[in-house]
Amino acid sequence: MTNTVVITGIGLLSSLGEDIAAHVDAARGQRGAVIDRETFAPYPVHPLGAVELDRQIPKKSDQRQMEPWQRIGVYAAGLALDSAGIKGDADAKDRLHVIVAAGGGERDHAVDGQILTGLKSAANPGVFLNERLLGDLRPTLFLAQLSNLLAGNISIVHGVTGPSRTFMGEEQAGVDAVRVAHARIAAGQADMILVGGSYNAERRDMLLLFELGGALLKGVPTPTFRRLPGQDGMVTGSVGAFLVLESAQSAAARGARVLARLDAVSADRVRREDGAITRSLTEQLAGHHVAPDGLLVSAAPGLAGPAAEEQAALAAVAPGRTPLAVGDLVGHAIEAAFPAAVALAAALLSAGEASSALVSGVGHHRGEGLASLSAA
Amino acid sequence: MTTDLRDAHGRPLVAITGMGLVTSLGQGKADNWARLTAGQSGIHRITRFPVEGLRTTIAGTVDDLFNEPFAAPELSEKLAMLAADEAVGQAGLGRKGDFPGQLFMAVPPVELEWPQKQVLASASNEAVSYDTLLAAAAAHTHRAYHAMFLFGTVADRIADHFGTKGSPISLSTACSSGATAIQMGVEAIRRGETEAALCIGTDGSVHAEALIRFSLLSALSTHNDPPEEASKPFSKNRDGFVMGEGGAALVLESYASARARGAEILGFVLGCGEKGDGFHRTRSSPDGRPAIVAMQEALADAGLEPDHIDYVNAHGTSTPENDKMEAMSCTAVFGPRMTTLPISSNKSMVGHTLTAAGAVEAVFSMLTIANGRIPPTINYREPDPNIPLDVVPNVARDARVRRVISNSFGFGGQNTCLVFGDAPV
């Protein structure tokens, strides 16, 4: 590892809008979260704020070809490119690598409901399913569902023609995306990488998946690190979060503004037994420098057990401190949760809030990771 | 001495010490190779689900692995498990359940499937909506569905079974995913982050909706009868790809560590190249530049010139667009020599194994080198005058092959090329 890795671009789109300052204000407690408790009751969600899509996705035809999770991601990626000052730099975008953390696209809820209703009385369910899918599925919906098509759309809409890779695997995909991007730049395998993810929380199909596992909070959310067992769970949020990472040399050569240094990123996955998360994070902490007055920023999903274990590990390096839970500000954004937490930490450092930050990410079902940042 | 263990760029050389394979042709490298070089097809009529009313009724499914109904991620996991078992066994690296390296997995996207949704819908007698399903889910009596349809679960289970180290990567670059898994393993070893990597591509997702989605994009061959003649890459009458299933695994090791433990070296991943394409969601740039650059980058990464390549393992999907674009791009990279440089498509026999394809074809590329025998492109009866290439028509050919470039291209502008060789450059 030789190259210093810096953050030169941030794009955040959430229930708080697209203004970085609004997110910093929320982190400082000067602005409240936006939570919709009605639309998906009993499940509260942080809905996407008002956004004028044309500003980052000028062509209506492009907007139409995407589902919301892709539009959120493409929009946030555009914000990050703007922030890094490379939106208009065709040469930089031709060399820019992309790592996206993504899930899948959403179902056509109406079609699914009709088919499931029909299947109950269908004489030949298999044949009925074939007929209805052939007749009712929009051909282009598939492309709005494929995980790697967020990266594909970033390429098309923003003219980013460097290579892309898409990581899947819920929260840990976001951790690994940032970790691998950091490692490749540090090792000189790439100079500049656009990394991040997006999540559309306003989808019943995803609520269904997480409710099957009993992972959702119902009713009125309490703060993540005070959530009690039995009343805990995820409150998901629509979020797009992207970072432009680059080597310090690359940033200096093009005179880029450095928002923060990304010093180290680690990740692991342990079998979830009592104490396992604490042990995993404790081991990882050995690879991070944590200043006593540094910020603690957490991408915790909102489950009481994992949150307690995360806090126990952090208590060893920052006794008596409660991390800032990004989920309380913008909702838990699954694949985008860790990139959003790193983006917010970088924004806070850039705003002079502290000289360093430790970001923790513990997946609701698997995966544990850390990132440490310092002020530029 | 130490310089022998590094490549032309001064990086650790990456050796292959284990390989495993499952496709519609069979289980294991031996079976697959025998049938592939005999020009046999694994494509058959689908029996997994009713095909009445479908335009395409054939695929290269891998059947008979389950006695009961199963979901796509369960088959993907099984295929990965079988392939990895063979690869790790051959490599003889680490102890059972304690693989001393990282895991990189190309896995297909997953989502709750119709049978599970039907179970949830059965709780109600009224018109079904997602609220019906949510109400049923809230009883928490179907918890297993949650883990089954998380994107990270297949890799999780492989990581647990083989005891790989670190955070496993589940990745997608669409139809080049298998190649990307290998590329990521190579990069991690070159960084010195790990001495070994288990790289897997798997895809067991031929079900009605998956087939219909590709069908609605007019991507699939509709030459259903006879099934084994449907996939005809580079032929004038090619009319789309045939979905296939499979799993392939490679154990990659730094040459230094493989040699130190006296492992049998099967060959080397010499170079990796990739390029994005912002032209269109499903179509590639008309000038072929991204595919050309991906091949050139792979050659440069390997420290090789085009003349050093003995065989092109084609992406060769059998779609009108891909094969034309690939032929044009190869001609741009290899020049006039391309008319005599052998290029063949394994997909003519195993179909397009989608997420797994890049890894499946990596194993076939290595077997081509090891056996000195180039697998054919079968069903080549009507040459396309616009593709004047040596596609190794219909019959395998004996040839000394030292270096292969394997191409993988995917929806979303994904282009990944790998260079394999029998010895370091």
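Exactly one of these conditions fails for A:A123: (1) within 11 Å of chain B (Cβ to nearest Cβ); (2) open to solvent by 10 Å² or more (accessible area, probe 1.4 Å); (3) more than 18 Å from A:I10 (Cβ to Cβ). Give me its number.
(1)
Return the pair list, or none, for Cβ contacts closer than 9 Å from residues in the stretch B:209-234 that are farther than 17 Å from B:G60 by Cβ and more than 8 Å from chain A (Cβ to nearest Cβ) to residues that are acidic (D, E) and open to solvent by 10 Å² or more (accessible area, probe 1.4 Å), at least 6 apart or on different chains.
Once the first residue is farther than 17 Å from B:G60 by Cβ and more than 8 Å from chain A (Cβ to nearest Cβ) and sits in the stretch B:209-234, its partners that are acidic (D, E) and open to solvent by 10 Å² or more (accessible area, probe 1.4 Å) give B:F234/B:D384.
For B:M349, all conditions in the list (1) crowded, with 24+ Cβ neighbours inside 10 Å; (2) touching a residue at least 60 places away in the same chain (Cβ under 8 Å); (3) closer than 19 Å to B:L418 by Cα hold save one; what is the number of the exception?
Only one criterion is unmet by B:M349, namely (3).
For the stretch A:312-330, state whether one or more residues are in a strand (DSSP E or B) and not β-branched (V, I, T).
yes
When residues of the stretch A:138-158 are filtered for being in contact with an Asp or Glu (Cβ under 8 Å, 6 or more places away or on another chain), within 7 Å of another protein chain (Cβ to nearest Cβ) and open to solvent by 20 Å² or more (accessible area, probe 1.4 Å), how many remain?
The total comes to 1.
Output the number of the condition that A:V111 fails; it satisfies all remaining conditions of (1) open to solvent by less than 20 Å² (accessible area, probe 1.4 Å); (2) more than 7 Å from chain B (Cβ to nearest Cβ); (3) at pLDDT 95 or above; (4) under 22 Å from the mean Cα position of the chain (by Cα).
It is condition (4) that A:V111 fails.
So is A:A187 over 15 Å from the mean Cα position of the chain (by Cα), of a type in the set (G, A, S), open to solvent by 10 Å² or more (accessible area, probe 1.4 Å) and facing chain B (nearest Cβ under 7 Å) or not?
Yes: the conditions hold for A:A187.
Can you find even one residue in the stretch B:337-347 that is within 23 Å of B:T180 (Cβ to Cβ) and hydrophobic (A, V, I, L, M, F, W, C)? Walk me through how you get there before you give the answer.
As a first pass, look at the stretch B:337-347 and keep what is within 23 Å of B:T180 (Cβ to Cβ): B:343-347.
Right, trim to hydrophobic (A, V, I, L, M, F, W, C) and you get B:343.
Taking every residue of the stretch B:337-347 in turn, at least one turns out to be within 23 Å of B:T180 (Cβ to Cβ) and hydrophobic (A, V, I, L, M, F, W, C).
To keep it simple, each residue is scored yes or no on (1) out of contact with any helix residue (DSSP H, G or I) (no Cβ under 7 Å at 6 or more places or on another chain); (2) in a loop (DSSP other than H, G, I, E, B); (3) within 20 Å of A:A376 (Cα to Cα).
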residue: A:N3; (1), (2), (3): no, yes, yes
residue: A:I10; (1), (2), (3): no, no, yes
residue: A:A22; (1), (2), (3): yes, no, no
residue: A:V34; (1), (2), (3): yes, yes, no
residue: A:E38; (1), (2), (3): yes, yes, no
residue: A:A41; (1), (2), (3): yes, yes, no
residue: A:V51; (1), (2), (3): no, yes, no
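Tell me which residues, restricted to the stretch B:141-197, are closer than 27 Å to A:T2 by Cβ, among the basic types (K, R) and more than 8 Å from chain A (Cβ to nearest Cβ).
Matches in the stretch B:141-197: B:K165 only.
Which members of the stretch B:383-412 meet the condition of being within 14 Å of chain A (Cβ to nearest Cβ) and open to solvent by 10 Å² or more (accessible area, probe 1.4 Å)?
Once the filter is applied, which keeps residues that are within 14 Å of chain A (Cβ to nearest Cβ) and open to solvent by 10 Å² or more (accessible area, probe 1.4 Å), the stretch B:383-412 yields B:F409, B:G410, B:F411.
Which residue out of B:F66, B:F99 is in the same structural domain as B:A362 (by TED's automatic domain parsing), of a type outside the set (A, V, I, L, M), over 30 Å from B:A396 (Cα atoms) and crowded, with 24+ Cβ neighbours inside 10 Å?
Step by step, each of B:F66, B:F99 is checked, and only B:F99 is in the same structural domain as B:A362 (by TED's automatic domain parsing), of a type outside the set (A, V, I, L, M), over 30 Å from B:A396 (Cα atoms) and crowded, with 24+ Cβ neighbours inside 10 Å.
Out of the residues in the stretch B:107-119 that are over 27 Å from the mean Cα position of the chain (by Cα) and more than 8 Å from chain A (Cβ to nearest Cβ), state the one that is surrounded by the most Cβ atoms within 10 Å (Cβ to Cβ).
Taking the candidates together, the pick is B:Q116.
Step by step: first the residues of the stretch A:261-316, then only those that are open to solvent by 30 Å² or more (accessible area, probe 1.4 Å) and polar (S, T, N, Q), then the one that is nearest to A:G352 (Cα to Cα). Which residue is that?
This residue is A:Q311.
Would you call A:F242 assigned to a strand (DSSP E or B) and hydrophobic (A, V, I, L, M, F, W, C)?
In short, yes.
Out of all the residues in the stretch A:241-260, which are basic (K, R) and either open to solvent by less than 10 Å² (accessible area, probe 1.4 Å) or more than 24 Å from the chain's Cα centre (by Cα) (or both)?
In the first step, residues of the stretch A:241-260 are kept if they are basic (K, R); the result is A:254, A:257.
Of everything in the stretch A:241-260, just one residue is basic (K, R) and either open to solvent by less than 10 Å² (accessible area, probe 1.4 Å) or more than 24 Å from the chain's Cα centre (by Cα) (or both), namely A:R254.
Checking the conditions here, which among B:A147, B:A139, B:A159 is open to solvent by 10 Å² or more (accessible area, probe 1.4 Å) and in a helix (DSSP H, G or I)?
The conditions single out B:A147.
Check the stretch A:228-240 and report whether any residue there is among the hydrophobic types (A, V, I, L, M, F, W, C) and either within 25 Å of B:G166 (Cα to Cα) or surrounded by fewer than 20 Cβ atoms within 10 Å (Cβ to Cβ) (or both). Break it down into steps so the answer makes sense when it comes.
Initial filter on the stretch A:228-240 (among the hydrophobic types (A, V, I, L, M, F, W, C)): A:228, A:234-235, A:239.
Still in the running and either within 25 Å of B:G166 (Cα to Cα) or surrounded by fewer than 20 Cβ atoms within 10 Å (Cβ to Cβ) (or both): A:228.
For the stretch A:228-240, residues among the hydrophobic types (A, V, I, L, M, F, W, C) and either within 25 Å of B:G166 (Cα to Cα) or surrounded by fewer than 20 Cβ atoms within 10 Å (Cβ to Cβ) (or both): present.
Would you mind telling me which numbered condition in (1) free of Cβ contacts under 8 Å to residues at least 40 places away in the same chain; (2) within 11 Å of another protein chain (Cβ to nearest Cβ); (3) of a type outside the set (V, I, T) A:R226 fails?
The failed condition is (2).
Restricting to the stretch A:53-92, name every residue that is of a type in the set (G, A, S), open to solvent by less than 60 Å² (accessible area, probe 1.4 Å) and either in a helix (DSSP H, G or I) or over 19 Å from A:A347 (Cα atoms) (or both).
Answer for the stretch A:53-92, where residues must be of a type in the set (G, A, S), open to solvent by less than 60 Å² (accessible area, probe 1.4 Å) and either in a helix (DSSP H, G or I) or over 19 Å from A:A347 (Cα atoms) (or both): A:S61, A:G73, A:A76, A:A77, A:G78, A:A80, A:S83, A:A84, A:A92.
Results for (1) in a strand (DSSP E or B); (2) in contact (Cβ under 8 Å) with a residue 24 or more places away in the chain; (3) within 14 Å of chain B (Cβ to nearest Cβ), shown as yes or no for each residue.
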{"position": "A:F338", "(1), (2), (3)": "no, yes, yes"}
{"position": "A:V342", "(1), (2), (3)": "no, yes, no"}
{"position": "A:L348", "(1), (2), (3)": "no, yes, no"}
{"position": "A:E353", "(1), (2), (3)": "no, yes, no"}
{"position": "A:R366", "(1), (2), (3)": "no, yes, yes"}
{"position": "A:S372", "(1), (2), (3)": "yes, yes, no"}
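Against the condition in the same structural domain as B:R35 (by TED's automatic domain parsing), surrounded by 24 or more Cβ atoms within 10 Å (Cβ to Cβ) and closer than 13 Å to B:A314 by Cβ, how does B:F334 come out, does it pass?
Judged against the criteria, B:F334 is not a match.
Name the residue that is nearest to the other protein chains (Cβ to nearest Cβ), counting only residues in the stretch B:261-306 that are open to solvent by 20 Å² or more (accessible area, probe 1.4 Å) and basic (K, R).
B:R289
Taking the stated definitions as given, is B:T368 open to solvent by less than 20 Å² (accessible area, probe 1.4 Å), assigned by TED's automatic domain parsing to the domain that holds B:L270 and part of a loop (DSSP other than H, G, I, E, B)?
So B:T368 does not fit the description; no.
Any residue that is within 14 Å of chain A (Cβ to nearest Cβ) and under 18 Å from the mean Cα position of the chain (by Cα) - is there at least one of those in the stretch B:40-47?
Taking the stretch B:40-47 first, the residues within 14 Å of chain A (Cβ to nearest Cβ) are B:46-47.
Retained after the next criterion (residues that are under 18 Å from the mean Cα position of the chain (by Cα)): none.
Checking the stretch B:40-47: not a single residue is within 14 Å of chain A (Cβ to nearest Cβ) and under 18 Å from the mean Cα position of the chain (by Cα).
Give just the number: which of (1) facing chain B (nearest Cβ under 7 Å); (2) under 27 Å from A:H365 (Cβ atoms) does A:T117 not satisfy?
(2)
Quick check: is even one residue across the stretch A:28-41 crowded, with 24+ Cβ neighbours inside 10 Å, touching an Asp or Glu at 6+ places or on another chain (Cβ under 9 Å) and at pLDDT 95 or above?
No - not one qualifying residue is present in the stretch A:28-41.
Among the residues that make up the stretch B:83-90, is at least one of them facing another protein chain (nearest Cβ under 10 Å) and open to solvent by less than 50 Å² (accessible area, probe 1.4 Å)?
No, the stretch B:83-90 contains no residue that is facing another protein chain (nearest Cβ under 10 Å) and open to solvent by less than 50 Å² (accessible area, probe 1.4 Å).
The values are calculated or read from the model by the stated rules, or taken from the named source; none is laboratory data. Predicted model only: the values in this text are computed from it and were never measured. As a convention, Cβ positions derive from the backbone with ideal geometry for all residues, glycine included, and neighbour counts pool all protein chains shown. The protein model used for the area step is the full one, side chains on, heavy atoms only, and it has no ligands, DNA or RNA in it. Shrake-Rupley method; radii C 1.70, N 1.55, O 1.52, S 1.80 Å.
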